[in-house]
Amino acid sequence: MKKIVITGTGLHTPAYTINNDELVAAYNQYVEKYNAEHHQEIATGSCAALKESSSEFIIKASGIKQRYVIEKEGILDPERMAPILRSREESELSLQAEMGLAAAREALKNANKQASDVDFILLSSAVIERFFPSIAIEIQAALGARGYAYDMIAGCSSGTFGLQTVVNALRSDQATCGLLIDVSLGSCLVDFCDRDSHFIFGDAAVAVVIETSATCRAATSFEVVSSKLTTQFSNNIRSNFSLLNRLETKPKNIRENLFRQKGRQVFREVVPFAIQFITSHLQECGLTAQQIQRFWLHQANININHLIAEKILGRPATQEEAPLILDKYANTASAGSLITFHHYHQDLQSGDLGLMCSFGAGYSLGSIILRKI
């Protein structure tokens, strides 16, 4: 079987950041305005008063301290509570293509590759900007790559599912050098008026070059040793944003179609699911958790990540063993585990093993075992 390797990664973050204090200040202004406008309904019990939030609550609930966003002013405007984006001409690059290109060029440089070496581009993200033409094909044209390209969605497991899709293409000779791109636009889907979720997501783009060991020219590479994917249907994480919304007989307010989750239920179900899934993958490969030097886990929530790592290892994990990037990037959906890999792989030694795992809406779980060459 061909040895498939990751040879380069790249990261692009937007120019804007929002810290918790800024986000809370805007949200609490919205709450004050809402409660004042609905004071009569609140007094009669027909409407519940909104609760204010705090930076301390956000850190305790998630571990997040700031997030990168594609636009700041609109999010922090209590009258809007959503990004403000200018309309782009069809002749211009789309937002996801622009962000993905920046990450892709860095990844190619780190892999010692040219765009002309690439013959498969996969944009695999939790959110896709438009239905067609494909964002991946747009990136292919702007980059000057060969072959073919397409978009794919698998919730917050789009990164790991996408990585496996590229690996499969290489092993079946459908491609010789693949480029996986994941552009998170969480700020476009989150409801900034919802106390339980307005702080969760951040925006970023990450890219990964994947090829056979025979064509590798990079100084550092990681062999894809094994992969395992699974899905199980659940409504506990959901967005109903759809082209069908305009056809509904009773159209909902746009906010009702944005990201929603039943947080407590997700925690109770996803944590044991992920623990069992990762443990079984290791067992199938004849490995123990103690043989894994690095866990690049999906950056969903600090409490989820700590518990999963502790249960797998049988003790609390160190930052080196299961690094967290939540404090700086927030939840970047399916890009999270890839961004964590981007930042935390150079220090590993030849022969060291790492495990990348995602868990998200669906439910969808992906586990990839890597070995440093």
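Miscellaneous remarks
- In region 93-151, the residues that are without any contact (Cβ under 8 Å) to a residue 40 or more places away in the chain and aliphatic (A, V, I, L, M): Ala115, Ile128, Ile137, Ala141, Ala145, Ala149
- Residue match in region 10-26 (condition: within 30 Å of Cys177 (Cα to Cα), touching a Lys or Arg at 6+ places or on another chain (Cβ under 7 Å) and either among the polar types (S, T, N, Q) or crowded, with 16+ Cβ neighbours inside 10 Å (or both)): yes
- Breaking point among (1) under 15 Å from the mean Cα position of the chain (by Cα); (2) assigned to a helix (DSSP H, G or I), for Ile312: (1)
- All conditions in (1) touching a residue at least 24 places away in the same chain (Cβ under 8 Å); (2) assigned to a helix (DSSP H, G or I); (3) out of contact with any Asp or Glu (no Cβ under 6 Å at 6 or more places or on another chain) hold for Glu56, with the sole exception of (1).
- Criterion violated by Trp296 - all others in (1) under 20 Å from the mean Cα position of the chain (by Cα); (2) exposed (fewer than 14 other Cβ atoms within 10 Å of the Cβ) satisfied: (2)
- Among residues that are on the phi > 0 side of the Ramachandran plot, under 19 Å from the mean Cα position of the chain (by Cα) and surrounded by 17 or more Cβ atoms within 10 Å (Cβ to Cβ), Gly63 is included.
- Region 333-369: number of residues that are of a type in the set (D, E, K, R) and under 13 Å from the mean Cα position of the chain (by Cα): 0
- Which listed residue is β-branched (Val, Ile, Thr), touching a Phe, Trp or Tyr at 6+ places or on another chain (Cβ under 6 Å) and closer than 19 Å to Leu95 by Cα, from Val190, Val206, Val183: Val190
Rule-based calculations on the coordinates, nothing more; no lab input. These figures come from a predicted structure and were not determined experimentally. Quick reminder, even Gly has a Cβ in these numbers, built from the backbone with ideal geometry, and neighbours come from all protein chains shown.
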